[in-house]
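Engineer: Below: one structure in structure tokens.
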Amino acid sequence: MLTIKDLHASVEDKEILKGINLEVKPGEVHAIMGPNGSGKSTLSSVIAGKEEYEMTDGLIALEGEDISELAPEERAHKGIFLSFQYPVEIPGVSVTNFMKTAINESRKAKGLEEMPANEMLKLIREKSELLEIDRKFLSRSLNEGFSGGEKKRNEIFQMAMLEPKLAILDETDSGLDIDALRIVANGVNKLRSKDNAVIVITHYQRLLDYIVPDFVHVLYNGKIVKSGGKELAYELEEKGYDWVKAQN
Ligand code: ADP
Ligand code: MG
Ligand code: MG
């Protein structure tokens, strides 16, 4: 699904990622953990193709295709979904209408016709039922006055609708409350399948109580310094990151 080889990336001429190797197969969930400032968000941004980040060396391939020169929208259309850390508010545009536009933009980019209205309605109904999202929520203005949990609900709904091959959830260090955490985790668990993959980026272990990863990687100072199974997350929770820092 995703292959990253010897990835180096800089921001404002400062090297942040210093040789990342990562292989994510379909059906897998990988967690990336690490101390603040180690480069976790930079990695997710570089995979998504954000322009402030300059990839200086290495390879990023999705299903065997080198995507490192593609624009963020093109990567999105190929099936990469990055959770939005700073959701935009669009007064007057409902959750549903925003989604309809996004789906049709994506189809247009692939040379497809707009999705017929009845098919769109069916998809919205199916996904909102799966995620237990009520109708009232779907007609609200995008992110306007949304609580933390509602923002997450909207993000997970977008993810469900777009059916990405690879979803990257960067939960940042902002600390989700327990409700938001459950919403994200339930959504991700319901959307997990043998055909898609998820990278969960988190500073804290607690999200991984709900989304159980197949692999855990520790990013420190721009490199993956340790990889293991889900038990590694507990080890980190218990011992903190100092021992990782001491070893590197
Ligand atoms: P993490 O997500 O692990 O906390 P980040 O990827 O956010 O780490 O940051 C890694 C380093 O890169 C930090 O030193 C941070 O200051 C720097 N950095 C990240 N994004 C930017 C940016 N847009 N402009 C300048 N520096 C940045
Ligand atoms: Mg940070
Ligand atoms: Mg971060």
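Every read-out reported here was derived from the displayed coordinates using simple, explicitly stated rules and does not represent laboratory data. Everything numeric in this text was worked out from a predicted model, so none of it was measured. Every residue, glycine among them, receives a Cβ derived from its backbone with ideal geometry; neighbour counts consider all protein chains shown.
Engineer: Which of rounded, prolate, oblate describes the range 133-218, given a ≥ b ≥ c as roots of the alpha-carbon gyration tensor eigenvalues and a/c under 1.5 marking rounded, otherwise prolate only if a/b is larger than b/c?
Structural biologist: Oblate, because a/c is 1.5 or more while a/b does not exceed b/c.
Engineer: Give me the one-decimal Kirkwood hydrodynamic radius in Å for the chain, with the sum taken over alpha-carbon pairs. Don't skip to the answer; put the middle values down first.
Structural biologist: Values: mean 1/r = 0.0533 Å⁻¹.
Mean inverse Cα-Cα distance, inverted, gives 18.8 Å.
Engineer: Quick check: the distance between the Cα centres of the range 180-217 and the range 23-50, to the nearest angstrom?
Structural biologist: Measuring centre to centre over Cα atoms gives 13 Å.
Engineer: Relative to the longest principal axis of the C-alpha atoms of the chain, give the angle of the C-alpha long axis of helix 95-109, reported between 0 and 90° and rounded to the nearest 10°.
Structural biologist: Taking Cα atoms only, the helix is inclined about 70 degrees.
Engineer: Applying the Karplus parametrisation 6.51 cos²θ - 1.76 cosθ + 1.60 with θ = phi - 60° to the phi angles of the range 223-232, what ³J(HN,Hα) value in whole Hz is obtained for each residue in order, glycine and proline being reported as x?
Structural biologist: 9, 7, 9, 7, 9, x, x, 4, 5, 4
Engineer: Pull out a ≥ b ≥ c, the square roots of the eigenvalues of the alpha-carbon gyration tensor of the range 34-115, then state rounded if a/c is under 1.5, prolate if not and a/b is larger than b/c, and oblate in the remaining case.
Structural biologist: Judged from the Cα gyration tensor, the range 34-115 comes out oblate (a/c at least 1.5, b/c at or above a/b).
Engineer: Which FRET efficiency, nearest 0.05, do LYS110 and SER68 yield, Cβ-Cβ r, R0 30 Å?
Structural biologist: Details: r = 20 Å, r/R0 = 0.68.
After rounding, the FRET efficiency stands at 0.90.
Engineer: Let me ask something else about it. Just in the range 28-128: which trypsin sites (Lys or Arg not before Pro) are loop by DSSP and have at most 11 other Cβ atoms within 10 Å? Don't skip to the answer; put the middle values down first.
Structural biologist: On the way: sites: LYS40, LYS50, ARG75, LYS78, LYS100, ARG107, LYS108, LYS110, LYS122, ARG125, LYS127; in loops: LYS50, LYS78, LYS110.
Passing both the DSSP loop test and the Cβ count: LYS110.
Engineer: Two decimals is fine: what's Rg over Rh for the range 32-80, C-alpha atoms, Kirkwood radius as Rh?
Structural biologist: A ratio of 0.98.
Engineer: Which aspartates and glutamates, on any chain, are close to LYS108 with Cα under 15 Å apart, when same-chain ones fewer than 8 places away are left out?
Structural biologist: GLU73, GLU74
Engineer: Next up: Given the options ALA160, ALA61, ALA48, which has the most mean-square fluctuation in a GNM of the chain, springs set between C-alpha atoms less than 10 angstrom apart?
Structural biologist: So, out of ALA160, ALA61, ALA48, the one fluctuating most is ALA61.
Engineer: Less than 9 Å Cβ to Cβ from GLU63, Lys/Arg counted +1 and Asp/Glu -1: what total charge do the surrounding residues give?
Structural biologist: Numbers: positive: LYS78, LYS165; negative: GLU65.
Around GLU63, the charge tally is +1.
Engineer: In addition: Per-residue ellipticity at 222 nm for the chain, helices alone: DSSP H runs ≥ 4 residues times -39500 (n - 2.57), over residue total, nearest 500 deg cm²/dmol? The partial results should precede the final answer.
Structural biologist: Numbers: 10 runs with 96 residues, N = 248.
After summing the helix terms and dividing by the residues of the chain, the value is -11000 deg cm²/dmol.
Engineer: Now for a different question. Output the 0 to 90 degree angle, nearest 10, between the alpha-carbon long axis of helix 117-130 and the longest principal axis computed from the alpha carbons of the chain.
Structural biologist: Tilt relative to the chain: about 50 degrees.
Engineer: Next question. Mind listing which chymotrypsin sites (Phe, Trp or Tyr not before Pro) in the range 1-107 are in a DSSP loop and have 15 or fewer other Cβ atoms within 10 Å?
Structural biologist: Counting only loop positions with at most 15 other Cβ atoms within 10 Å, the chymotrypsin sites (Phe, Trp or Tyr not before Pro) in the range 1-107 are PHE84.
Engineer: Can you tell which of LEU138, LEU121, LEU207 shows the greatest fluctuation in a Gaussian network model of the chain with Cα springs below 10 Å?
Structural biologist: LEU121
Engineer: For the range 224-248 and the range 60-79, what is the separation of their Cα centres, given in Å?
Structural biologist: 30 Å
Engineer: With a/c under 1.5 counting as rounded, go ahead and sort the range 1-43 into rounded, prolate or oblate using the C-alpha gyration tensor (a ≥ b ≥ c being the square roots of the eigenvalues; past the cut-off, prolate if a/b is larger than b/c, else oblate).
Structural biologist: Oblate is the answer for the range 1-43, as a/c is 1.5 or above yet b/c matches or exceeds a/b.
Engineer: Compute the signed sum of charges (Lys and Arg +1, Asp and Glu -1) over the other residues within less than 14 Å, Cβ to Cβ, of LYS223.
Structural biologist: +2
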